[in-house]
Amino acid sequence: MPKSSATVQPSAARSAPPIWVNIALFSLTFLAAIVVVPWYGITHGYSAAAWVLFGVFLAANELSITAGYHRLWAHRTYEAHWSLRVLYLIFGTMAMQNSAWIWCSGHRRHHLNVDDEELDPYSARRGFWFSHIGWMLREYPSGKTDFSNIPDLRRDRMLAFQHRHYLALVLLTNLGLPLLAGWLTGDLWGVFLLAGVLRLVVSHHFTFFINSLAHMWGSRPYTEDNTARDNPVLAVLTFGEGYHNFHHIFAHDYRNGVRWWQWDPTKWLIAGLQFVGLTRKLKRTPVFQIQRALLAMQFARAQSSLERVAPTAAPSRISELRQHISREYDSFLAAVADWAKVKEQWLTEKKRAVAEHWEHTSFQLRFKELEQRLRLQRRRLRVLQAQLA
Ligand SMILES: [Zn+2]
Ligand SMILES: [Zn+2]
């Protein structure tokens, strides 16, 4: 992916001109949500239908951003049937986070230059406010529109249509859908305020948390190379996007919460729709690679715990632990080398056996055995880490 040509001087960033339309949009909808919405509830009350529609539109908006804008278009982690893409486009437009072209181009830049204060459009290193919403309120050079990194999406006529008619489509979905639903259920203003106004503000800020809080609050089990965190609380608010540490290291995986028990409704939706033929070619990171990343982090942590306790512990004990860690590390490197070798053999065999009946069971067994080796090693390291704590 080409790098953005945008560069910025710190003083230039401070004097970036305000984007009044965004400032007005975010502040007016926010004010309406905290003042008008409760006032109407107290004076008129809301129907059950209004609350249900609030939930339905909120879920449709968030899932269109997470499964559509994010995992389908920005990262191409799977393929989707055109009918599903139309739904993503309708409810993604309703979420009012800009056209898919602008969203995905900025997001690809975020991944490529994560934490870079000049090139990442919403670098968390510039603080909570900037990464949450501030980056959209001024014309920062880091946020300059540059479509050179989305040639694939530029060829998509559906996305081109959305980009060209974005404003009309935003008005149609945000005024038309809630008003129509309100008229049909006989609670015009109630539905408009809950499923229209409150839904928009809640879906905005829940998504914005991914750029702000998910880069500040949580754990880093896979990598410490960037600020992205895994956070189960944020995962609940964002339909699974809270497992952001995993996402930043394995961005081409359709899952963010990779373990089966991790709360990631977006991954369940994508995987579920595969059974009815609406999604296909779901990309998964090999288990071994995931285990390798986890183990590498465990080694780094064990090493720093050892350095921390070294000054106060008995020298013989420290040298024993040091040897222990170094032995484990050697066996880790050996497993990684073995895996690379098996993978290479597997690829060669697959190529050679393309026309014949391709027997891959023996390879799967070997891969499984290597994965198991790393799992056992992670368990041993956890025991070691507990001794060091
Ligand atoms: Zn991120
Ligand atoms: Zn992403």
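The values are calculated or read from the model by the stated rules, or taken from the named source; none is laboratory data. All of these numbers come straight from a predicted model, not from anything done at the bench. As a convention, Cβ positions derive from the backbone with ideal geometry for all residues, glycine included, and neighbour counts pool all protein chains shown. Accessible surface is based on the protein model in full, side chains and every heavy atom, while ligands, DNA and RNA are left aside. Shrake-Rupley method; radii C 1.70, N 1.55, O 1.52, S 1.80 Å.
Some notes on this structure:
- Tensor-based shape of the stretch 1-149 (alpha-carbon gyration tensor, a/c under 1.5 rounded, otherwise prolate or oblate): oblate
- For K368, the lysines whose Cα falls under 29 Å of its own Cα, not counting residues fewer than eight places away in the same chain, are K267, K281, K283, K341, K343, K350, K351.
- The listed peptides 150-157, 84-91, ordered by packing as a protection proxy, come out as 84-91, 150-157 (highest mean of other Cβ atoms within 10 Å first).
- Rounded to whole Hz, the Karplus (6.51, -1.76, 1.60) HN-Hα couplings of the stretch 86-103, x for glycine and proline: 5, 4, 4, 5, 4, 7, x, 5, 4, 5, 6, 10, 6, 5, 4, 4, 5, 4
- What the Kirkwood sum gives for the stretch 153-195 is a hydrodynamic radius of 11.6 Å, with every pair of different alpha carbons counted.
- When the P(r) of the stretch 211-288 is calculated, the portion above 21 Å amounts to 25% of the C-alpha pairs.
- Phi-derived couplings, Karplus 6.51 cos²θ - 1.76 cosθ + 1.60 at θ = phi - 60°, listed residue by residue for the stretch 310-318: 3, x, 9, 8, 5, x, 5, 5, 5 Hz, with x used for Gly and Pro.
- Normalised by the number of residues in the chain, the mean separation of alpha-carbon contacts (under 8 Å, six or more apart) gives a relative contact order of 17 percent.
- A protection proxy built from the mean count of other Cβ atoms within 10 Å ranks the segments 299-308, 74-83, most packed first, as 74-83, 299-308.
- Convex hull volume of the C-alpha atoms in the chain, normalised per residue: 188 Å³.
- Cα gyration tensor of the stretch 287-388 - equivalent ellipsoid semi-axes, whole Å, descending: 38, 11, 9
- Low-density loop cleavage sites - GluC sites (Glu not before Pro) in the stretch 327-389, where at most 12 other Cβ are within 10 Å (DSSP): E356, E359
- The stretch 325-389: chymotrypsin sites (Phe, Trp or Tyr not before Pro) in DSSP coil with no more than 14 other Cβ atoms inside 10 Å: W358
- Between helix 20-31 and the chain: long-axis angle, C-alpha atoms, 0 to 90°, nearest 10: 90
- 24 Å tail of the calculated P(r), the stretch 117-216, as % of Cα pairs: 46
- Helical content alone sets the calculated 222 nm signal of the chain at -18000 deg cm²/dmol, taking -39,500 (n - 2.57) per DSSP H segment of four or more residues and averaging over every residue.
- Accessible area per residue for the chain, computed on protein heavy atoms with a 1.4 Å probe, is 51 Å².
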